[in-house]
Each structure stands twice: as structure tokens, then as C-alpha cells.
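Working notes for the structure below.
The values are calculated or read from the model by the stated rules, or taken from the named source; none is laboratory data. Values in this document were obtained by computation on a predicted structure and should not be read as measured data. All Cβ positions, glycine included, derive from the backbone under ideal geometry; neighbour counts span all protein chains shown.
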């Protein structure tokens, strides 16, 4: 393994070790020594990769956020090309899976996303705004803002509904992901259609 | 003022002082001295009312949770007596207002409700389960579990949608509460109706 690849591996190990510790015992008992030891390293190694704990937390939140946003990109384009029950369902599946594939990451996002007093929360707040903004601008690009009054309020509800499902999956109150995604897609469509002035004009 | 009333007043002042501090600077810089000083008292007074900070946080979370639950009770009964667009809308309005009437409390609930590593989060987790459970059992009592497959998943989405709106109001992305509550009620009805087997049979 090259020196650069080796360095990257250690870096990722430290990030993952920190994530495990945060998941297990929360944010406020975290120390650089514990992160190093959880990752199978000596404490000085921590400082080779991160200036301090806040830097690690910012990096962890950014990597997670960027990965999810990248994963959503292709399916957003697909919906824009041909909005249909099928493409909306695929978008819902991608959004849900992007989080619940790693329930530990999902839990940390859900737990700290509104806490501006931690570097995790700071970055997650930005990320949440980005995702919500992307959803709104996609729906506008589809022209829904012409048919649906107060589209921005619907975006808030759709976002909340999706996070509600993700929470229930992470907490294991919902076991069947396929059914959950079906119901999410159908509920979003029912919500938007029932508020569309165009649908009402046609009826 | 009687001695008892006076004691209650001091107790409430300390709780409110703690809430202001948590809202402003988060949970992890909180000290008994800061809470006492924020409430205009000397530090020893804190210990007259609370054994320690954890006790105060548990009390704060319990009082908030109990107050919201009590407030929901009459409107739950009203919906059970006569489920209609009007009573569902009134229930939505009560649920949203119970939180956003005091945006500081709402923000603290939203921020810590998934953090099991704080006494606030512990109590809020229980409260969230209680509210979700109450919603599910009310919908079952109305017989919706016979008409709507996977009703428990709809409950998760309705709960998430409602919290999503509350977040947006607390964050001031939504200004008009009346419109928001209208759309919430109509979206819940559209979601449930679109999944009802009975509606489909009739159609």
C-alpha cells in the first residue's frame, strides 16, 4: 500500500472509531485518547490527522453529508427527466437508503442535526438546508409551484415525513423497508395531488 | 404569598432560568451556579429545590411533556366523538400550538429529543413514544386499522410531518400558522384516504 493510501486508511479508521464512540456514549465524553484507542492506535496518531476533536467532528459530518448528497444526485435527475410514480418511488428509496444503510450514521445525524452547539450539528444544519432547498427547487423546476399554493410548506411536510420514516426504521419500529418506501411515495403524491389547483380544475 | 406558593415560584423560576440557558448555550456548559444566577438567586437556593442538575433536567422535561399531553387530551376526545375535517384540523392546531406557543421549549424538545445521553433526551424519548402511541390507538379506536393497511407506518409519517411543520415554524421558515395547519390537516386526510381500502371499494 502506498504511503498516501495508508494515511487515508488511518484517517478513515479514526473517523469510524469516533462515530462508533459517539453512537455508543454520546458526544460529550469523547476524547482524542478514546478515539485513538477505539481505532486501535496510539493517541499521537490522532494529531497526525486532525488538529483537534472539533476538526474531526466537522470532517465526519461533512463526509457523511456529502456522501448522501452525491447519492441523491442521479435520482434527482431521473425524476426531473420523467416525474412518475416510479421515479418518485425510486427517489424515496434512495433518500431512505442513503441514511439507513448505516444506521449508526443515521442515528448520529438524527440526534445532533438540531444542535448548533456541536460541530456535528453545525454541519448537519447546513446539510439539512441544502437537501430541503434541493427538493424545493426540483419541485419548482417541475412547475409545481404554479399548481400548488404554498409549495414551500409542502416541502417541509415531505421532508418531515421522510425523516419520520427514517427514524422509525433506525429505531426498528418499521421492519419492511419496501412497504415503507411504497407508502412514502404514495403519500407524497396524494398530498401534492390533493393540493394541486390543476387537478381540481380537471375534476 | 404563602410559604408554599413562594417555594413553587422559586422552583419555577429556576426551571425557566435553566431553559433559557439551555436554549442560549446548550446543555453541556450548564452549571447549578449559572442556573441560580440566571434566575436571580444565590447558588445554595438551587439545592433547596433540586438534588442536582440531572434532577432539574428531568423535572423540566417532565413538566413540558405532561403539559403538552394534557393539552392534547380534550381535542383527542373531540376527534373520537366526531372525526371530521374540522375536528382533525382542530387537533392539528392544538398539537402545533402546544409546541410553538413557547418556541424556546419547542426548540429544546426538537434538539434533545433523540439524545439518550441527557436526562432531557431520556424523558423526551418516552414522551415521543407516548404521543405516537396515543395517535395510533386513537386511529385504531376509529376503526382505521381495518381500512388502512400498515396504519402504524402512516402514524410515523403523520408524526414526522407534524414535527417537520413545527420545526419550520420554530425556525421561522413558515410564518403563517393558520395556513400551515390547514395544509397539515388536509395532507393527513389525503394521505389516509388515498390508502383506505374502503374508499377504493366505494370508488
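Remark: pairs (first residue in the range B:178-197, not assigned by TED's automatic domain parsing to the domain that holds residue B:92 and in a helix (DSSP H, G or I); second residue at pLDDT 95 or above and surrounded by fewer than 19 Cβ atoms within 10 Å (Cβ to Cβ); Cβ separation under 6 Å; 6+ apart in sequence or on different chains) are absent.
Identify all residues within the range B:111-146 that are part of a helix (DSSP H, G or I) and facing another protein chain (nearest Cβ under 10 Å); write none if there are none. Passing the criteria: B:111, B:112, B:121, B:125, B:128, B:129, B:132.
Please go through the range B:67-97 and pick out each residue that is outside any helix (DSSP H, G or I) and surrounded by fewer than 17 Cβ atoms within 10 Å (Cβ to Cβ).
Here is the first cut: in the range B:67-97, the residues outside any helix (DSSP H, G or I) are B:82-84.
Correct list: B:82, B:84.
Condition first: within 19 Å of residue B:112 (Cβ to Cβ), in contact (Cβ under 8 Å) with a residue 12 or more places away in the chain and in a helix (DSSP H, G or I). Now tell me which residues in the range B:5-31 satisfy that. Spell out how you get there, then give the answer.
The initial filter retains those residues of the range B:5-31 that are within 19 Å of residue B:112 (Cβ to Cβ), namely B:14-31.
Now restrict to residues that are in contact (Cβ under 8 Å) with a residue 12 or more places away in the chain: B:14-23, B:27, B:30-31.
Of everything in the range B:5-31, those that are within 19 Å of residue B:112 (Cβ to Cβ), in contact (Cβ under 8 Å) with a residue 12 or more places away in the chain and in a helix (DSSP H, G or I) turn out to be B:14, B:15, B:16, B:17, B:18, B:19, B:20, B:21, B:22, B:23.
Only one of the numbered conditions (1) more than 7 Å from chain A (Cβ to nearest Cβ); (2) closer than 19 Å to residue A:192 by Cα; (3) at pLDDT 95 or above; (4) in contact with a helix residue (DSSP H, G or I) (Cβ under 6 Å, 6 or more places away or on another chain) is violated by residue B:151, and that is (2). The set of residues from the range A:62-90 being more than 17 Å from residue A:8 (Cα to Cα) and touching a residue at least 40 places away in the same chain (Cβ under 8 Å) comprises A:65, A:68, A:69, A:72, A:76, A:79, A:80, A:83, A:85, A:88, A:89. Residue B:149: in contact (Cβ under 8 Å) with a residue 24 or more places away in the chain and not in a helix (DSSP H, G or I), yes or no? In short, yes.
Considering the range A:168-177 alone, what residues qualify as being more than 7 Å from every other protein chain (Cβ to nearest Cβ) and either part of a helix (DSSP H, G or I) or touching a residue at least 24 places away in the same chain (Cβ under 8 Å) (or both)? If the condition is that a residue be more than 7 Å from every other protein chain (Cβ to nearest Cβ) and either part of a helix (DSSP H, G or I) or touching a residue at least 24 places away in the same chain (Cβ under 8 Å) (or both), then A:169, A:170, A:177 are the ones that fit.
Quick one: which of B:119, B:103 is under 24 Å from residue B:33 (Cβ atoms), touching a residue at least 12 places away in the same chain (Cβ under 8 Å) and assigned by TED's automatic domain parsing to the domain that holds residue B:181? Steps first, please.
On the way: B:103 fails: under 24 Å from residue B:33 (Cβ atoms).
Every option except B:119 fails the conditions.
Among the listed residues A:9, A:4, A:16, which satisfies the condition of being within 19 Å of residue A:123 (Cβ to Cβ) and not assigned by TED's automatic domain parsing to the domain that holds residue A:178?
A:16
Of all residues in the range B:21-37, those satisfying the criterion of being within 25 Å of the chain's Cα centre (by Cα) and farther than 22 Å from residue B:4 by Cα are B:21, B:22, B:23, B:24, B:25, B:26, B:27, B:28, B:29, B:30.
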